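Take a look at the structure below.
The values are calculated or read from the model by the stated rules, or taken from the named source; none is laboratory data. Just so it is clear, the structure is predicted and the values come from calculations on it, not from any experiment. Cβ coordinates were reconstructed from backbone atoms using ideal geometry, including for glycine residues, and neighbour counts include every protein chain displayed.
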Amino acid sequence: MARSEAVVGLLAALALAACTDSLSGRKPDGDAGAGGATADLGFGGTPMVDIGTGGAPVADAQVGPPPGDAAVTPPPGDASVKPDGSNVRPTDALPTDDAAVVNPPDPDAAVVDPPDPDAVPAGDAAAGDAVVVNPPDAVFAGDAVVVNPPDPDAVPAGDAVVVNPPDPDAVVGDAAIVNPPDPDAAVVDPPDPPAVDPAGAGPLGSRAAQVRLELPGGGIFPRRVDVFVHRPNDPAGAPYPLIVLSHGFQLAGDDYTSYAERWASHGFVVVAATYDGGLSTRTHAELAEDFVSMVDWTLAQNADPGADLFHWVDPEHIGAAGHSRGGKQSFFGALVDARVDAVFGLDPVDSGPPFGGNARDYPSLAPERMGELHIPIAVVGSERGPQGAVPCAPGDDNWDEYYNAANSPAYAWLIAGSGHMDFQDACGLACLACTGGDDPGFTREFSRTTSTAFFRYFLYGEAAYGPWLDGPAALADARVEVLSK
């Protein structure tokens, strides 16, 4: 529990200044980078300074909720219905208060409350003749086969009729068409939209900004942290799900810029803070508190009309992601904050600090507490993390402990020949403590692609991204072992 951060901490402490300079000035190897200047904006304020875009710029705007569901295309062809009427869904086909005419074949069918003088009384109705009814919802007397709305705006489609929508293009509920064209057919929801390939920048582009915040935990001195905010370059599509990205031990929030840009371009707002560094480190319990503080801050900005993030974030869909110690921070954050809906760990490590620590400040989560999480989780593991004189990801504290103890749904991918420090965009002296991998570029790209698909699947509910999790796309490279449950 105490060895994985030892060598990393000692080397980083010796080279803190040089490492800090090298980290802050790098350009990642991922999607379109963020350029431009950064600025210290003071402490606790809401403004952010734009530090570049990953796509064509668009004007900032205050954005309300996204437009409603798209209309469903009716099934083509000549329509009919089962004799028992079971293919007609009354909850979907909703007529207005206008009278609707049905054609019950049963001579005993009764007239229900005709509301206008043109209604045909029950006594005058013959078997098979049309009978006027006034249902509060769609009513099917006996084996009703045709709904005949009196509104001229109702749109017929062959024998199938749209039940009195307010305009010709309107569709009520999941589907407003009755009488599907095949006696055995059922009215179904529209198919999911096709997935946008997560292996590359998404269609929305991305833009980045930086803000310095004061967070709790500084003692007598203010504790100030830099926060990097990435969002889609498309205000009109807001609000977007939120991802809180946490860095590894002796690393920084902007060491994972390529991940944040990829996620933003595919429709997420991403916040990544640098919580500590050098000889000043936070306990794991404190990092869990920091995670909650970042969620609180982001949602406060989202609700503030004067803030740059006003109405950008969907507070009902929040994900957590992190590397190494940041992976544990993400799982710990989800354990203490029920707002988190999904967690993605990049070679997460459960170990404590170099020189020990108590169970209150550095509690073990895997396997002890993983059973408390009932949300989707995923981890990418490095094959060489457990290697070396002082492993950076010890075998009894690494990714497979998280996966094995997790509830379903859970996913894991082990990359052959990969090292623990292959996941961040670039690495300074701290990375010399860990055994390197054969192809860090592949490890990063696989992780960016898979994490994008994971969050689209579980934060957007788009099953079309399943092939990148445990289907053909995930299995395409022999270097990757895929596990799921």
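A few notes on this one:
- Among the residues of region 237-252, those identified as surrounded by 24 or more Cβ atoms within 10 Å (Cβ to Cβ), at pLDDT 95 or above and either hydrophobic (A, V, I, L, M, F, W, C) or not in a strand (DSSP E or B) (or both) are LEU242, ILE243, VAL244, LEU245, HIS247.
- Lone unmet requirement of (1) buried (at least 17 other Cβ atoms within 10 Å of the Cβ); (2) over 27 Å from VAL269 (Cβ atoms) for PHE455: (2)
- Some residue of region 371-381 being out of contact with any Phe, Trp or Tyr (no Cβ under 8 Å at 6 or more places or on another chain) and crowded, with 23+ Cβ neighbours inside 10 Å: no
- Filter result for ALA338 (surrounded by fewer than 24 Cβ atoms within 10 Å (Cβ to Cβ), touching a Leu at 6+ places or on another chain (Cβ under 9 Å) and not β-branched (Val, Ile, Thr)): no
- Pair list, Cβ under 6 Å, 6 or more apart: region 306-324 residue crowded, with 24+ Cβ neighbours inside 10 Å, other residue at pLDDT below 95 and not hydrophobic (A, V, I, L, M, F, W, C): HIS323/GLY248; SER324/GLY248
- Residue, nearest to the chain's Cα centre (by Cα), within region 329-360, restricted to residues that are at pLDDT 95 or above and of a type in the set (D, E, K, R): ASP341
- Meets criteria (small (Gly, Ala, Ser), over 20 Å from the mean Cα position of the chain (by Cα) and assigned to a helix (DSSP H, G or I)) for ALA300: no
Each row is one residue, and each column tells you yes or no for (1) over 15 Å from LEU346 (Cα atoms); (2) hydrophobic (A, V, I, L, M, F, W, C).
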site: MET370; (1), (2): yes, yes
site: VAL379; (1), (2): no, yes
site: GLU383; (1), (2): no, no
site: GLN387; (1), (2): yes, no
site: ALA406; (1), (2): yes, yes
site: ALA412; (1), (2): no, yes
site: ALA416; (1), (2): no, yes
site: PHE423; (1), (2): no, yes
site: CYS427; (1), (2): yes, yes
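- Under the condition of being of a type in the set (A, V, I, L, M, F, W, C) and either under 11 Å from HIS284 (Cα atoms) or surrounded by fewer than 24 Cβ atoms within 10 Å (Cβ to Cβ) (or both), the residues counted in region 343-362 number 2.
- Filtering region 363-385 to residues that are touching a Gly at 6+ places or on another chain (Cβ under 6 Å) and either at pLDDT below 95 or of a type in the set (Gly, Ala, Ser) (or both) leaves only SER382.
- Within region 458-485, being in contact (Cβ under 8 Å) with a residue 60 or more places away in the chain, acidic (Asp, Glu) and surrounded by 16 or more Cβ atoms within 10 Å (Cβ to Cβ) holds for one residue alone: GLU462.
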